[in-house]
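*Asks:* Below is the structure I would like to discuss, written out as structure tokens.
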Amino acid sequence: MPFPLVIIVSIISMLVPTTNSLQVAVLGSGIAGSTAARTLAERGVQVTVFEAGFGIGGRTSTRITRDECRYQFDHGAQYIGKPKTDVFKDALGQWKSDGWVKEWSGEFMTVDGLQVTTDTKKDRWVGYPGMHSICRNLLHHKNIQVKLQTKADASQNDGSWDLIHGKTKKHLGTFDWLVATDRNSGTSRRRDLSSADVKEFTDGIRKIQSVKSLTAMVVFEKSLNLNMDGIQFTGKDEQYGSLGWAARDSSKPGRERKNNDGHECWVLQSHPDAAKELLKGKYKVNEIREMAKEVLVRDFLKTIPHLTARDEKVPPIVYSVGHRWGAAFPIPSQDSTKMESQCITSKQFVACGDYFGKLSGRIEGAYLSGRSAANEIIQLNDNELL
């Protein structure tokens with residue numbers, strides 16, 4: 001006996017992804033924002049992601065030079081370690097299957113004074129072919145629009161959120177819910193939420209501090225012949241200066257130089273204690289970037305003979321640039337660790353990011369927070385979602 005047409009239509013509607021009228025704006029395209037956007041989009045929600053920067057990814061963004069050399073650097077998060085939760089274990093497993101991440105296998109060392117120990121036990125997974133690939137893939141969905149180089153300022157009007165461009169003041173759209181991922185959005189020096197009455201969020205983020213962090217990206221004309229791909233410095237020995245981490249970015253999957261020019265890309269990151277001292281009394285962005293480049297590159301060059309036990313001439317540097325991370329490495333407050341996201345239902349507002357939960361500062365923590373934020377909206381709008 002054939003099924004009635006109404007039953008067939010009902011079955012098809014359950015199997016085929018659909019859309020609904022719910023509109024959500026997400027501020028930021030890092031792991032938290034991208035995860036929230038994808039989770040909502042898969043339930044049919046129309047999502048618009050506003051990213052103030054040039055590219056997608058937040059702290060998992062990939063810096064690519066805009067010249068013919070196309071040097072590439074993972075200048076923020078370096079890799080994904082072994083999952084702490086089953087939820088993220090499943091997500092990472094799917095990313096592996098989909099080819100979004102690949103294992104970074106190489107030589108990893110911890111340097112403490114004269115003692116150099118090999119670390120082979122850790123899991124290390126990186127976005128493929130760049131760290132930003134994870135967020136790019138998460139945001140690749142028919143229900144998601146991404147607007148780059150768009151700093152959006154939000155205000156609430158009759159129960160909805162109006163967003164305008166921070167510079168041009170152009171109206172960017174009206175949305176039912178707002179998801180904020182950058183905790184700096186709520187600070188007094190930013191206008192993102194200055195017209196939004198979300199005091200519970202803005203008051204709370206003032207208790208969250210940041211680990212100071214400086215980064216330098218440097219390219220050598222030839223290989224350093226350093227049999228180390230990732231080097232962790234304890235910060236206890238003055239001979240290594242300000243260094244906290246050094247990575248041969250060219251050793252990561254997908255980062256190989258495609259034109260075989262022999263150039264080698266490295267990412268250098270400061271030790272937190274050193275960065276704290278270096279940043280005292282410095283506020284100008286360009287000055288800080290130049291200092292980060294000069295200090296980290298200088299200290300790395302001094303370190304190479306200690307690591308190689310050879311006094312060989314170092315290949316010329318063909319490119320270098322500095323960067324300072326502001327709120328990228330959070331020191332969470334006691335309150336923020338107790339929740340994976342912060343939902344203010346009366347304002348139709350949710351905040352998420354790696355500054356929430358017990359895994360703060362980790363990609364896993366950002367993922368769990370973004371997922372939590374999306375689920376808050378889904379649960380509160382369950383009747384409207386198909």
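The values are calculated or read from the model by the stated rules, or taken from the named source; none is laboratory data. The structure presented is a predicted model; accordingly, all values stated were derived computationally and were not measured. For neighbour counting, all protein chains shown are included, and Cβ atoms are generated from backbone atoms with ideal geometry for every residue, glycine included. Protein only, heavy atoms only, side chains kept; ligands, DNA and RNA dropped before computing areas. Shrake-Rupley method; radii C 1.70, N 1.55, O 1.52, S 1.80 Å.
*Asks:* Applying the selection to segment 331-360, what residues are more than 27 Å from residue 95 (Cβ to Cβ) and under 17 Å from the mean Cα position of the chain (by Cα)? Walk me through it before giving the result.
*Replies:* Initially, segment 331-360 is screened for residues more than 27 Å from residue 95 (Cβ to Cβ), giving 331, 333-335, 338, 344-349.
The answer is 331, and nothing else.
*Asks:* Which of the numbered conditions does residue 345 fail, given that it passes all the others? Conditions: (1) farther than 26 Å from residue 44 by Cβ; (2) open to solvent by 50 Å² or more (accessible area, probe 1.4 Å).
*Replies:* In the conditions (1) farther than 26 Å from residue 44 by Cβ; (2) open to solvent by 50 Å² or more (accessible area, probe 1.4 Å), residue 345 misses (1) alone.
*Asks:* Quick one: count up the residues across segment 56-65 that are out of contact with any Phe, Trp or Tyr (no Cβ under 8 Å at 6 or more places or on another chain) and either modelled with pLDDT of 95 or more or not in a loop (DSSP other than H, G, I, E, B) (or both). Before the answer, list the steps.
*Replies:* First, pick out the residues of segment 56-65 that are out of contact with any Phe, Trp or Tyr (no Cβ under 8 Å at 6 or more places or on another chain): 56-58, 60-61.
Then drop every residue that is not either modelled with pLDDT of 95 or more or not in a loop (DSSP other than H, G, I, E, B) (or both), which leaves 56-58, 60.
Selection size over segment 56-65: 4.
*Asks:* Next up: Taking segment 274-294, which residues are within 11 Å of residue 212 (Cβ to Cβ), under 22 Å from the mean Cα position of the chain (by Cα) and surrounded by fewer than 20 Cβ atoms within 10 Å (Cβ to Cβ)?
*Replies:* 276, 288
*Asks:* I'd like to verify a number: residues in segment 75-97 that are in contact (Cβ under 8 Å) with a residue 24 or more places away in the chain and open to solvent by less than 80 Å² (accessible area, probe 1.4 Å), how many? Full working, then the answer.
*Replies:* Residues of segment 75-97 that are in contact (Cβ under 8 Å) with a residue 24 or more places away in the chain, as a first pass: 75-85, 87-88, 91-92, 95-96.
When the remaining residues are screened for being open to solvent by less than 80 Å² (accessible area, probe 1.4 Å), the result is 75-81, 83, 85, 87-88, 91-92, 95.
Of the residues in that region, 14 qualify.
*Asks:* Could you list, in sequence order, the residues of segment 276-285 that are part of a helix (DSSP H, G or I), more than 17 Å from residue 303 (Cβ to Cβ) and touching a residue at least 24 places away in the same chain (Cβ under 8 Å)? First the steps, then the outcome.
*Replies:* Restricting attention to segment 276-285, the residues satisfying the condition of being part of a helix (DSSP H, G or I) are 276-278, 285.
Filter once more, so that each one left must be more than 17 Å from residue 303 (Cβ to Cβ): 276-277, 285.
Scanning segment 276-285 gives 276, 285.
*Asks:* A further question on this structure: Considering only segment 177-271, give the strands (runs of 3 or more DSSP E) lying wholly within it that have at least 3 residues that are over 20 Å from residue 289 (Cα atoms). Give the derivation first.
*Replies:* Working: elements: 177-180, 213-220, 230-233, 243-248, 264-270.
Hits in segment 177-271: 177-180, 230-233.
*Asks:* Next question. Residues in segment 249-284 that are within 21 Å of residue 102 (Cβ to Cβ) and in contact with a strand residue (DSSP E or B) (Cβ under 6 Å, 6 or more places away or on another chain): how many?
*Replies:* Result for segment 249-284: 9.
*Asks:* Looking at 111, 47, which one is among the β-branched types (Val, Ile, Thr), at pLDDT below 95, open to solvent by less than 40 Å² (accessible area, probe 1.4 Å) and in contact with a strand residue (DSSP E or B) (Cβ under 7 Å, 6 or more places away or on another chain)? Working first, answer last.
*Replies:* Values: 47 fails: at pLDDT below 95.
After ruling out the rest, the residue left standing is 111.
*Asks:* Does residue 331 satisfy the condition of being over 23 Å from residue 132 (Cβ atoms), open to solvent by 10 Å² or more (accessible area, probe 1.4 Å) and either touching a residue at least 24 places away in the same chain (Cβ under 8 Å) or among the hydroxyl-bearing types (Ser, Thr, Tyr) (or both)? Walk me through it before giving the result.
*Replies:* Details: over 23 Å from residue 132 (Cβ atoms): yes; open to solvent by 10 Å² or more (accessible area, probe 1.4 Å): yes; either touching a residue at least 24 places away in the same chain (Cβ under 8 Å) or among the hydroxyl-bearing types (Ser, Thr, Tyr) (or both): yes.
So residue 331 passes the test.
*Asks:* Under 8 Å between Cβ atoms, which residue pairs at least 6 apart in sequence (or on different chains) link something in segment 286-299 that is assigned to a helix (DSSP H, G or I) with a partner that is among the charged types (D, E, K, R)?
*Replies:* From segment 286-299, the pairs are 288/282; 288/324; 289/324; 291/282; 292/324.
*Asks:* Restricting the search to segment 214-271, which residues are among the acidic types (Asp, Glu) and open to solvent by less than 40 Å² (accessible area, probe 1.4 Å)?
*Replies:* 229, 249, 264
*Asks:* Checking residue 39 against (1) more than 30 Å from residue 322 (Cβ to Cβ); (2) at pLDDT below 95; (3) open to solvent by less than 50 Å² (accessible area, probe 1.4 Å), which single condition isn't satisfied?
*Replies:* The number of the failed condition is (2).
*Asks:* Quickly run through segment 361-386 and pick out the residues that are within 21 Å of the chain's Cα centre (by Cα), part of a helix (DSSP H, G or I) and not basic (Lys, Arg).
*Replies:* Just the residues of segment 361-386 that are within 21 Å of the chain's Cα centre (by Cα), to begin with: 361-375.
From what is left, the residues that are part of a helix (DSSP H, G or I) are 363-375.
363, 364, 365, 366, 367, 368, 369, 370, 372, 373, 374, 375 - these are the residues of segment 361-386 that are within 21 Å of the chain's Cα centre (by Cα), part of a helix (DSSP H, G or I) and not basic (Lys, Arg).
*Asks:* While we're on this one: Would you mind telling me which numbered condition in (1) modelled with pLDDT of 90 or more; (2) surrounded by fewer than 15 Cβ atoms within 10 Å (Cβ to Cβ); (3) of a type in the set (Val, Ile, Thr); (4) touching a Ser or Thr at 6+ places or on another chain (Cβ under 8 Å) residue 146 fails?
*Replies:* So residue 146 meets the others, but not (2).
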